[in-house]
Amino acid sequence: MKHRTAKLHTQLVHMNVGPAFKVKQPFPVAGLEQVSPFILLHHAGPQWHAPGALQARLSPHPHRGFEPVTFLFSGQLHHKDSTGAQGFLRSGDVQWMTAGSGIIHSEGPSADFARNGGSMELVQLWVNLPRAHKMTTPKYQDLRAQSMPFIERSGFRVQLVAGSLEGVNGPAQTFSPIIAAMVHFDAVGAIELAVPEGWNALAYVLKGSVRTGTATVGTNGLAEYRADGDGVALEALEEGYLLLLAGEPIEEPVVSYGPFVMNYPGEIKQAILDYENGRMGVLES
Ligand code: MN
């Protein structure tokens, strides 16, 4: 296996999503605009919430043309959407939503979590859809922590959400070839993992620190792997966890506007019209 080298990115955009939620955005940032098929990564928390303190939800909002994926590292979320579906995510669960032709959803802490308080930490990743599937029927996959298999060795626990490593398969169904894994590591250890040549690949460290492809990546650092090998090597320096992402690039134009990700500007205008005319459904707040 030839290990890829990596470029370290430490720039974070800080922003508010809705009135109550602060997020860090390691990409896109200046110098790292496109990592197809991945469009955007938001990291919220870890933040401790006192009992009764966190009541807010993200009010109903639309999406079209991509997949918003929520990795819940701690806490409890409740979501509902314009297809009439709703559900809960618990610590370690993942929601892989396909916005497709359009969905309106709201999300926030569950009533239990709001009442009892606790620590909340999540990543929301936007995964692009190939043009042929942008208008697919909306759906979501709620993936339970215990349904996602893992590789465990040398101080590493690599839990597969999507795609395949060493014959271990993540349960998420995707529209383009992707590997997504939640990786926990002890203070000492090392692992190498095969990532297909030609795929884009990233490792975002939520906590702790690793050396990978000559880069040392600490908390909130992002390693962007170069296309110079067929695997990635991770060496733990400080106990923690990271998100490993790899995917075959989608070689199509991208036009992103607010909650819509399409190929051409006219399709954004159409998305806005369809939303305003109720063609993505309706969700009471
Ligand atoms: Mn959303």
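Return the only residue of GLN159, GLN141, GLN173 being polar (S, T, N, Q) and within 16 Å of the ligand (Cβ to nearest atom). Quick ask: steps written out before the conclusion?
Numbers: GLN159 fails: within 16 Å of the ligand (Cβ to nearest atom); GLN173 fails: within 16 Å of the ligand (Cβ to nearest atom).
Selected residue: GLN141, the only one of GLN159, GLN141, GLN173 that is polar (S, T, N, Q) and within 16 Å of the ligand (Cβ to nearest atom).
Residues in region 236-251 that are under 20 Å from PHE73 (Cβ atoms) and among the acidic types (Asp, Glu) were compared, and the one that is most open to solvent (accessible area, probe 1.4 Å) is GLU238.
Residues in region 44-68 that are away from the ligand (no atom under 16 Å from the Cβ) and open to solvent by less than 30 Å² (accessible area, probe 1.4 Å): GLY45, HIS49, LEU54. A Cβ distance below 9 Å, combined with a sequence gap of six or more or placement on separate chains, defines the contacts here; from region 11-30, residues that are without any contact (Cβ under 8 Å) to a residue 60 or more places away in the chain reach residues that are assigned to a strand (DSSP E or B) and among the basic types (Lys, Arg) in the pairs VAL13/LYS24; HIS14/LYS22; HIS14/LYS24; MET15/LYS22; MET15/LYS24; ASN16/LYS22. Which residue is nearest to GLU197 (Cα to Cα), if the candidates are limited to region 1-28 and must be hydrophobic (A, V, I, L, M, F, W, C) and not in a strand (DSSP E or B)? Among residues in region 1-28 that are hydrophobic (A, V, I, L, M, F, W, C) and not in a strand (DSSP E or B), the one nearest to GLU197 (Cα to Cα) is MET1. Filtering region 57-115 to residues that are free of Cβ contacts under 8 Å to residues at least 40 places away in the same chain and of a type in the set (D, E, K, R) leaves only ASP112. As for region 259-271, it holds no residue that is among the acidic types (Asp, Glu) and closer than 20 Å to ALA162 by Cβ.
Restrict the check to region 117-133 and report whether at least one residue is open to solvent by less than 20 Å² (accessible area, probe 1.4 Å), within 11 Å of the ligand (Cβ to nearest atom), at pLDDT 95 or above and assigned to a loop (DSSP other than H, G, I, E, B). Taking every residue of region 117-133 in turn, none turns out to be open to solvent by less than 20 Å² (accessible area, probe 1.4 Å), within 11 Å of the ligand (Cβ to nearest atom), at pLDDT 95 or above and assigned to a loop (DSSP other than H, G, I, E, B).
Does region 263-278 contain any residue that is open to solvent by 50 Å² or more (accessible area, probe 1.4 Å), in contact with a Ser or Thr (Cβ under 6 Å, 6 or more places away or on another chain), of a type outside the set (Val, Ile, Thr) and more than 21 Å from PRO149 (Cβ to Cβ)? No, there is no match, as no residue in region 263-278 is open to solvent by 50 Å² or more (accessible area, probe 1.4 Å), in contact with a Ser or Thr (Cβ under 6 Å, 6 or more places away or on another chain), of a type outside the set (Val, Ile, Thr) and more than 21 Å from PRO149 (Cβ to Cβ).
Against the condition among the acidic types (Asp, Glu), more than 12 Å from the ligand (Cβ to nearest atom) and open to solvent by 30 Å² or more (accessible area, probe 1.4 Å), how does ASP112 come out, does it pass?
Judged against the criteria, ASP112 is a match.
If the condition is being within 14 Å of the ligand (Cβ to nearest atom) and either touching a Ser or Thr at 6+ places or on another chain (Cβ under 8 Å) or not in a strand (DSSP E or B) (or both), then region 97-108 contributes MET97, THR98, ALA99, GLY100, GLY102, ILE103, ILE104, HIS105, SER106, GLU107. A count restricted to region 154-201 and to residues that are within 18 Å of the chain's Cα centre (by Cα), surrounded by fewer than 21 Cβ atoms within 10 Å (Cβ to Cβ) and free of Cβ contacts under 8 Å to residues at least 24 places away in the same chain stands at 2. Please enumerate the residues belonging to region 216-235 that are open to solvent by less than 10 Å² (accessible area, probe 1.4 Å) and touching a Ser or Thr at 6+ places or on another chain (Cβ under 9 Å). The answer is VAL217, GLY221, LEU222, ALA223, GLY229, VAL232, LEU234.
The values are calculated or read from the model by the stated rules, or taken from the named source; none is laboratory data. On a predicted model such as this, the values are computed, not experimentally measured, just so you know. Glycine also receives a Cβ, built like all others from the backbone with ideal geometry; neighbour counts cover every protein chain displayed. For the accessible areas, the whole protein counts, side chains as well, though only heavy atoms, and no ligand, DNA or RNA atoms are used. Shrake-Rupley method; radii C 1.70, N 1.55, O 1.52, S 1.80 Å.
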